[in-house]
Amino acid sequence: MDVSVGQAADALGVTPSRVRQLIAAHRVRARKVGREWLVDGASLPDAPRLGRPMSRAVAWAFLNGRQPDNPQEAWRYRQRLRRLTVAPEPERLLASWVASRGDRLLFVANEPAAVLADPRVVRSGVSDPRAGLSAAEWAEGWVRADDLKALRRTHLLRRAEGAYRVVLHVADELPPSPVPLLLLAADLVDHQGARELARARELIRGSLA
């Protein structure tokens, strides 16, 4: 059954922008009718919505471990930490909460290593040594939205239509380097691979121990 981008986003607990990224990366099947995409519901990843996505500001505060000053918000923050502690799949729960943290763009590059060496990029995901994943041929990190165009020009980055080797997460401001463990875990979840999901779970549990 075909569903709209909005319905697919609601089912996965992500933003409509993220669904369009999945379409562009050919990770879900979709067809365009006029200006709108219709998504094949059977092709959606098996990741049911686990929690309402936070606003971008709240997501970044949570990922950075900043407890709100407001008592009610502070209580909600602590409840979320408790839920992660007891959740059977904390990695999927976290990813559903912080889906709004930034855009995830996929590229092809001649030299992914040069992208990682660029000071405008903060390593995350499979390119962060703490992930413990062998991914020497990949480049993954965060970049400021204002730097994206120049970065693409410098490294001749081309938007991927299929296979890709560069993953850039785009936000208004860069996260600290190294990125917070919860952010690293959330970025790993986006790969949806068994190794990445398992490592994200370990990172979350380790950060909350």
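Can you tell which of Arg123, Arg49, Arg27 is among the basic types (Lys, Arg) and modelled with pLDDT of 85 or more? On inspection, the qualifying residue turns out to be Arg123. Considering only residues that are part of a helix (DSSP H, G or I) and either under 16 Å from the mean Cα position of the chain (by Cα) or surrounded by fewer than 12 Cβ atoms within 10 Å (Cβ to Cβ) (or both), which ones fall in the range 52-74? If the condition is that a residue be part of a helix (DSSP H, G or I) and either under 16 Å from the mean Cα position of the chain (by Cα) or surrounded by fewer than 12 Cβ atoms within 10 Å (Cβ to Cβ) (or both), then Arg56, Ala57, Val58, Ala59, Trp60, Ala61, Phe62, Leu63, Pro71, Gln72 are the ones that fit. Of all positions in the range 96-107, none carries a residue that is more than 13 Å from Val189 (Cα to Cα), over 20 Å from the mean Cα position of the chain (by Cα) and acidic (Asp, Glu). Screening Arg205 against (1) farther than 22 Å from Gln21 by Cα; (2) free of Cβ contacts under 8 Å to residues at least 24 places away in the same chain; (3) part of a helix (DSSP H, G or I) leaves a single unmet condition, (2). Within the bounds of the range 87-99, is there any residue that is in the same structural domain as Trp142 (by TED's automatic domain parsing) and over 28 Å from Ala139 (Cα atoms)? Yes - at least one qualifying residue is present in the range 87-99. Only one of these is surrounded by 15 or more Cβ atoms within 10 Å (Cβ to Cβ) and at pLDDT 85 or above: Glu91, Glu36. Name it. Exactly one of Glu91, Glu36 is surrounded by 15 or more Cβ atoms within 10 Å (Cβ to Cβ) and at pLDDT 85 or above, namely Glu91.
Restricting Ala135, Ala131 to residues that are touching a helix residue (DSSP H, G or I) at 6+ places or on another chain (Cβ under 7 Å) and in contact (Cβ under 8 Å) with a residue 24 or more places away in the chain narrows the list to Ala131. What residue, of Arg195, Arg165, Arg199, is farther than 24 Å from Val108 by Cα, in the same structural domain as Ala139 (by TED's automatic domain parsing) and of a type in the set (D, E, K, R)? So the residue among Arg195, Arg165, Arg199 that is farther than 24 Å from Val108 by Cα, in the same structural domain as Ala139 (by TED's automatic domain parsing) and of a type in the set (D, E, K, R) is Arg199.
Could you list, in sequence order, the residues of the range 152-197 that are within 22 Å of Ser100 (Cα to Cα) and part of a helix (DSSP H, G or I)? Write out each step before concluding.
Looking only at the range 152-197, we keep the residues that are within 22 Å of Ser100 (Cα to Cα), and these are 159-160, 166-193, 196-197.
Within the range 152-197, Leu181, Leu182, Leu183, Leu184, Ala185, Ala186, Asp187, Leu188, Val189, Glu196, Leu197 qualify.
Within the range 176-197, at least one residue is of a type outside the set (A, V, I, L, M) and over 28 Å from Ala57 (Cβ atoms). Would you be able to say whether some residue in the range 100-107 is modelled with pLDDT under 90 and part of a helix (DSSP H, G or I)? Looking through the range 100-107, none of the residues is modelled with pLDDT under 90 and part of a helix (DSSP H, G or I).
The values are calculated or read from the model by the stated rules, or taken from the named source; none is laboratory data. All values derive from a computational prediction rather than experimental measurement. Quick reminder, even Gly has a Cβ in these numbers, built from the backbone with ideal geometry, and neighbours come from all protein chains shown.
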